[in-house]
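Single-structure report; data block below.
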2 protein chains.
Amino acid sequence: MSSQINVLGIAGSLRKGSYNRALMHAAFAVKPPEMIVSEFDLVHLPFYNGDVEAQGDPEPVLLFKEAIRRADALLIVTPEYHRSIPGVLKNALDWGGRDPKGKGVVTSPLSGKPVGLLSAGGAAGAILSQTHLRQILVETRSNVMPHPQVFVAMARQKFDADFQLTDDPTRQQLTDFMAAFAVWAHKPK
Amino acid sequence: MSSQINVLGIAGSLRKGSYNRALMHAAFAVKPPEMIVSEFDLVHLPFYNGDVEAQGDPEPVLLFKEAIRRADALLIVTPEYHRSIPGVLKNALDWGGRDPKGKGVVTSPLSGKPVGLLSAGGAAGAILSQTHLRQILVETRSNVMPHPQVFVAMARQKFDADFQLTDDPTRQQLTDFMAAFAVWAHKPK
């Protein structure tokens, strides 16, 4: 890999003390050197509303879509709320999977975009949420990396009070994941 | 059924010209006489945020939860966005399935609540969305009516320009659904 890879990170939880946001940062900390990372905070987005969209995407939505288009790949990190992804995250995908000026999902920012998924949770590491997220991203025509899969179980025990990762096996998983993700981001779309 | 049944309707789309909102109104139009219906518009809710919740549920969330608790049953009507329910609706369930002052999901407004589901969409009538909604509502411990199932396919052809239902077979389906729902709402929880 010689060329730079721009990765946009999205955390599915708005909470400051989110283990999923901490997991995103822990993944960023073990990224390959050619990867340049940034974040988009979903707190800025409004709820999807077809009437609003018909008037033109609001400014925060335009910024979100532009950030996705500029990125070579997305890293989405999600908790599990009631056996699925948070409404906050689904709402972002509802916007990101649409191009009202083009051909809907076909020309949307998420279409063809390489995506990596991570999740942190309790006993099952938010496995149902991440699996469901993968199903949704089929419909947005995103290229989700199939392997390696990382589900961080018992997240509470793997980060310290400052939300720093303290678990070495998890750090190794993240290192392998990010190395594979750098390769995946370069795949032809 | 002699006693009154209070049903709270929730449409999963914010759009004014939503076929799902129209479907909810078409269902209300063929309700049994003992059923009293009202609506909660999800546009009033903020995004779920654990930090905000920790400060106490915001006023719109308190109103939403109180409306659910007061209702004998909920009628949730959902479109399908990217193979699942809208983020707007999932966000409402993220709030409604929690009781921060009590025992979480066990004492949440959605726990034990009788629920009926309807959906309208394209070729498949939002069947994946409604199916996924049913999975989520297992986790909130809601009592979702299993049968009859109504998926209104090709909704665009079944409502007129004023969003009035024009399709008699669908009206019959809704009539049967609402009669069964009145019985379901009375079941011991």
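The values are calculated or read from the model by the stated rules, or taken from the named source; none is laboratory data. This is a predicted model, so every value here is computed, not measured. Heads up, the Cβs are rebuilt from the backbone with ideal geometry, glycines too, and the neighbour counts pull from every protein chain shown. All accessible areas refer to the heavy atoms of the entire protein, side chains included, with ligands and DNA or RNA removed. Shrake-Rupley method; radii C 1.70, N 1.55, O 1.52, S 1.80 Å.
Checking each residue in segment A:1-24 for being farther than 22 Å from B:Lys90 by Cα and surrounded by fewer than 18 Cβ atoms within 10 Å (Cβ to Cβ) picks out A:Met1, A:Ser2, A:Ser3, A:Gln4, A:Asn6.
Screening segment A:94-114 for residues that are farther than 9 Å from A:Arg141 by Cα and surrounded by fewer than 20 Cβ atoms within 10 Å (Cβ to Cβ) and picking the one that is farthest from the other protein chains (Cβ to nearest Cβ) gives A:Lys101.
Look at segment B:1-30: where a residue is free of Cβ contacts under 8 Å to residues at least 40 places away in the same chain and a partner is assigned to a helix (DSSP H, G or I) and open to solvent by 50 Å² or more (accessible area, probe 1.4 Å), sitting 6+ places away or on another chain with Cβ atoms under 8 Å, you get B:Arg15/A:Asp51; B:Lys16/A:Asp51. Answer with yes or no whether B:Arg134 is without any contact (Cβ under 8 Å) to a residue 24 or more places away in the chain, touching a Leu at 6+ places or on another chain (Cβ under 7 Å) and either within 13 Å of B:Leu74 (Cβ to Cβ) or not in a loop (DSSP other than H, G, I, E, B) (or both). Here the answer is yes, as B:Arg134 does meet what is asked. Among residues of segment A:136-159 being aliphatic (A, V, I, L, M), within 14 Å of another protein chain (Cβ to nearest Cβ) and open to solvent by 10 Å² or more (accessible area, probe 1.4 Å), the one that is nearest to A:Phe177 (Cα to Cα) is A:Val144. Residues in segment B:115-126 that are among the aliphatic types (A, V, I, L, M), surrounded by 20 or more Cβ atoms within 10 Å (Cβ to Cβ) and more than 13 Å from the chain's Cα centre (by Cα): 1 in all.
When the residues of segment A:167-189 are filtered to those that are surrounded by fewer than 13 Cβ atoms within 10 Å (Cβ to Cβ) and touching a strand residue (DSSP E or B) at 6+ places or on another chain (Cβ under 7 Å), the one that is farthest from A:Val7 (Cα to Cα) is A:Lys189. If we scan segment A:87-100, do we find a residue that is touching a Phe, Trp or Tyr at 6+ places or on another chain (Cβ under 9 Å) and farther than 22 Å from A:Glu66 by Cβ? Yes: segment A:87-100 contains one or more residues that are touching a Phe, Trp or Tyr at 6+ places or on another chain (Cβ under 9 Å) and farther than 22 Å from A:Glu66 by Cβ.
In segment A:43-89, the residue that is farthest from the chain's Cα centre (by Cα) out of those that are more than 8 Å from chain B (Cβ to nearest Cβ) and closer than 30 Å to B:Ser108 by Cα is A:Pro46. Restricting attention to segment A:35-61, which residues are over 26 Å from B:Ala11 (Cα atoms), surrounded by 15 or more Cβ atoms within 10 Å (Cβ to Cβ) and of a type in the set (Val, Ile, Thr)? A:Val37 - this is the single residue of segment A:35-61 that is over 26 Å from B:Ala11 (Cα atoms), surrounded by 15 or more Cβ atoms within 10 Å (Cβ to Cβ) and of a type in the set (Val, Ile, Thr). Of all residues in segment B:69-100, exactly one satisfies the criterion of being touching a strand residue (DSSP E or B) at 6+ places or on another chain (Cβ under 6 Å) and among the hydroxyl-bearing types (Ser, Thr, Tyr), namely B:Thr78. Going by the structure shown, is B:Ala92 within 12 Å of the chain's Cα centre (by Cα) and either over 30 Å from B:Thr166 (Cα atoms) or in a loop (DSSP other than H, G, I, E, B) (or both)? Yes. The combined condition, being assigned to a helix (DSSP H, G or I) and in contact with an Asp or Glu (Cβ under 6 Å, 6 or more places away or on another chain), is fulfilled by A:Ser129.
Inside segment B:5-31, residues that are in contact with an Asp or Glu (Cβ under 6 Å, 6 or more places away or on another chain) and either within 14 Å of chain A (Cβ to nearest Cβ) or at pLDDT below 95 (or both) make up a count of 2.
If you go through segment B:74-86 one residue at a time, do you hit one that is without any contact (Cβ under 8 Å) to a residue 40 or more places away in the chain and crowded, with 21+ Cβ neighbours inside 10 Å? Don't jump to the end; show me each part of the working.
First pass over segment B:74-86, keeping only residues without any contact (Cβ under 8 Å) to a residue 40 or more places away in the chain: B:82.
When the remaining residues are screened for being crowded, with 21+ Cβ neighbours inside 10 Å, the result is B:82.
Yes.
The listed residues are B:Arg171, B:Arg141, B:Arg156, and the only one of them that is out of contact with any Phe, Trp or Tyr (no Cβ under 6 Å at 6 or more places or on another chain), among the charged types (D, E, K, R) and in a loop (DSSP other than H, G, I, E, B) turns out to be B:Arg141. On the stretch given as segment B:45-73, residues that are without any contact (Cβ under 8 Å) to a residue 12 or more places away in the chain and among the aliphatic types (A, V, I, L, M) total 2.
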